[in-house]
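The values are calculated or read from the model by the stated rules, or taken from the named source; none is laboratory data. Only a predicted model underlies this, so the values are computations on that prediction, with no experimental measurement involved. No Cβ is skipped: glycine too gets one built from the backbone with ideal geometry, and neighbour counts run over all protein chains shown.
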Amino acid sequence: MQTLPIGRYRFFQQLQPLLILNKLASTSATGCLQVFSASASWLIYLEKGKLVYASYADGMFDILYRKLQKLSQSVPTLNRETYTRLKAIFETGIEHQAIPNRDYLAICWLVNQKYLNSDQAATLIEELTVEVLESFLLLQEGCYELASTSLIDKMPKYCRLDIQKLIEQFQSPNKNHSTNQNHKHNSHTNYKQKSRPSQKNQKLRYTIMCIDDSPSMLHAIKSFLDENFFDVVQVNDSVKALMQTIRVKPDLILLDIGMPNLNGHEFCSLLRRHSYFRNTPVIMVTARTSLIDKAKAKIARASGYLTKPFTQVELLKIIFQNLEV
């Protein structure tokens, strides 16, 4: 698992997306702007202050397929066989599941296989980027970090969009927002921010308890969590962890399922019997992905399910979602 740079990490603050984009343009920034909120995550890629792509961290293929279907009306090579191959390679292929930026990689593949030419790819990327930015500009609270490198750095670039012109387009009173309103709320997920305490009353540090019999996994999780915002308590014995949980009273628990003596399902069920921990977020962390295991986690009243191996982005996202419930 690769650690993303979060040296200037910000934990849920008031955000002004327009100012962030303007600053990146004015400083000719290069890299990937990673933005997290309680309901979504954005990845915005820049090269010398120009936008080369923007996507959601999850669910981007649904939007990509919708755009390709529209484009297929004028591009006959985008047919049913093309979609089948695209899904088989970039969505259902097990060997590709851990690869980031699969949506952009899929676009590059379409060009390489001559299903699209460079100009068509540029148009497609611009439409995807504009739609993603429309939801990003609605964001009011969250956190962000500019990573200096990304996988897209090594891929072909088909367009470089001027941020200032895009912003002027969004702000134009003549812009027809009605056709895009459904995209903002339905094409990916509902980005309306959940109500939260005011910033001055919001808790600034959280105690995360990690219960896993693997020292390497405990170390990986701790390295992913910024010590400026998280106190990480590590426990490698699930039986001892019960009493320690009662003493520490963590804000959230990351719990391995496959532990000796007392497995994760049993631990979670016992914890839920204690009145104090009935609503404490408990995230099952496991390599098991079967429907039976997920059903057992639900029966045990787990709050979430995180599959190993996972990235720092995936870990932070599920923590954010459950701490802000």
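Data table
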{"read-out": "Top-ranked residue in segment 307-323 [being in contact with a Ser or Thr (Cβ under 8 Å, 6 or more places away or on another chain) and either closer than 16 Å to residue 39 by Cα or without any contact (Cβ under 8 Å) to a residue 40 or more places away in the chain (or both); ranked as surrounded by the fewest Cβ atoms within 10 Å (Cβ to Cβ)]", "value": "307"}
{"read-out": "Residues (of a type in the set (A, V, I, L, M) and assigned to a loop (DSSP other than H, G, I, E, B)) located in segment 222-255", "value": "225"}
{"read-out": "Residue match in segment 55-77 (condition: among the polar types (S, T, N, Q), under 22 Å from residue 141 (Cβ atoms) and in the same structural domain as residue 150 (by TED's automatic domain parsing))", "value": "yes"}
{"read-out": "Residues of segment 97-122 satisfying the condition of being surrounded by fewer than 15 Cβ atoms within 10 Å (Cβ to Cβ) and at pLDDT 90 or above", "value": "112, 113, 114, 117, 118, 119"}
{"read-out": "Any pair with Cβ under 9 angstrom, 6 or more apart, that starts in segment 21-37 at a residue that is over 17 Å from residue 132 (Cα atoms) and ends at one that is among the basic types (Lys, Arg) and surrounded by fewer than 19 Cβ atoms within 10 Å (Cβ to Cβ)", "value": "25/50; 28/48; 28/50; 29/23; 29/48; 30/48"}
{"read-out": "Of residues in segment 205-225 being within 22 Å of residue 13 (Cα to Cα) and β-branched (Val, Ile, Thr), the one surrounded by the fewest Cβ atoms within 10 Å (Cβ to Cβ)", "value": "207"}
{"read-out": "Among (1) crowded, with 20+ Cβ neighbours inside 10 Å; (2) in a loop (DSSP other than H, G, I, E, B); (3) not aromatic (Phe, Trp, Tyr) - the single one residue 258 does not satisfy", "value": "(1)"}
{"read-out": "Residues of segment 127-146 classified as more than 13 Å from residue 68 (Cα to Cα) and not in a strand (DSSP E or B), total", "value": "12"}
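Yes/no per residue for (1) at pLDDT below 90; (2) within 24 Å of residue 39 (Cβ to Cβ):
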site: 130; (1), (2): no, yes
site: 133; (1), (2): no, yes
site: 144; (1), (2): yes, yes
site: 150; (1), (2): yes, yes
site: 153; (1), (2): yes, no
site: 168; (1), (2): yes, no
site: 179; (1), (2): yes, yes
site: 184; (1), (2): yes, yes
site: 188; (1), (2): yes, yes
